[in-house]
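Right, one structure below, let's go through it.
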Amino acid sequence: ADLTTIGNYAFNGCSNLKKVNFGSNITSIGNYAFQNCTSLTGTLELPENLVTIGAAAFNGCTKISGDLAIPSKVTTIGNNAFYNCTGITGGLTLPEGLLTIGQAAFAGCTGLSGNLKLPTTLTKIDYAAFQNCKNFTGDLVIPNSVTSIGSYAFYGCSGFNGTLTLSDNITAID
């Protein structure tokens with residue numbers, strides 16, 4: 001049988017692990033699976049069939065670098081999934097089909113840069129989701145699919161220098 005899930009805490013704290021070659025059948029990366037794998041370096045190549053990125057899955061992986069592309073089938077990015085991944089210095093690609101960005105999912109990713117394009121399927125941007133992502137630039141468009149934006153969602157995102165367009169369907173900005 002082909003591996004489809006990397007379980008919770010599976011490689012947590014493997015501080016000398018340098019690279020992960022995911023099998024193409026991986027659909028789920030569990031909570032805290034690679035948290036504090038502080039030697040993971042280079043661009044993170046997530047598997048194409050991935051659907052779920054668990055809470056704090058890559059939290060504290062400070063040497064991951066380059067662009068971060070979330071695969072096209074991902075619907076959920078868990079709380080703190082990429083928290084403090086300060087080495088990511090390129091753009092962030094979020095797929096159409098993404099529904100939820102969890103609390104502090106990209107908080108502290110101070111190197112993320114370029115335009116942030118939010119998918120038109122997104123319904124919720126949770127608490128502190130992009131806190132201190134200070135190098136995003138241009139316009140910030142919250143798509144009409146979004147009904148809720150959590151407190152501190154874009155706190156410290158001082159690089160946005162264009163127009164803020166809010167969803168017509170927002171019922172709460174906490």
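The values are calculated or read from the model by the stated rules, or taken from the named source; none is laboratory data. Values in this document were obtained by computation on a predicted structure and should not be read as measured data. In this analysis, Cβ positions are derived from the backbone assuming ideal geometry, glycine residues included, and neighbour counts consider all displayed protein chains. Note: areas computed on protein heavy atoms with side chains; ligands, DNA, RNA excluded. Shrake-Rupley method; radii C 1.70, N 1.55, O 1.52, S 1.80 Å.
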* Has the range 117-134 got at least one residue that is closer than 25 Å to Thr89 by Cβ, touching a residue at least 12 places away in the same chain (Cβ under 8 Å) and outside any loop (DSSP other than H, G, I, E, B)? -> yes
* To do: Please work out which residue is least open to solvent (accessible area, probe 1.4 Å), limiting yourself to the range 21-64 and to residues that are more than 16 Å from Gly102 (Cα to Cα) and aromatic (Phe, Trp, Tyr).
  => Phe34
* Contacts under 9 angstrom Cβ, first residue in the range 1-19 being at pLDDT below 95, partner in a loop (DSSP other than H, G, I, E, B) and among the hydroxyl-bearing types (Ser, Thr, Tyr), 6 or more apart -> Asp2/Ser24
* Would a scan of the range 98-118 turn up a residue that is open to solvent by 20 Å² or more (accessible area, probe 1.4 Å), in contact with a Lys or Arg (Cβ under 8 Å, 6 or more places away or on another chain) and over 20 Å from Phe160 (Cα atoms)? -> yes
* **Which listed residue is at pLDDT below 95 and outside any strand (DSSP E or B), from Thr62, Thr89, Thr38** => Thr89
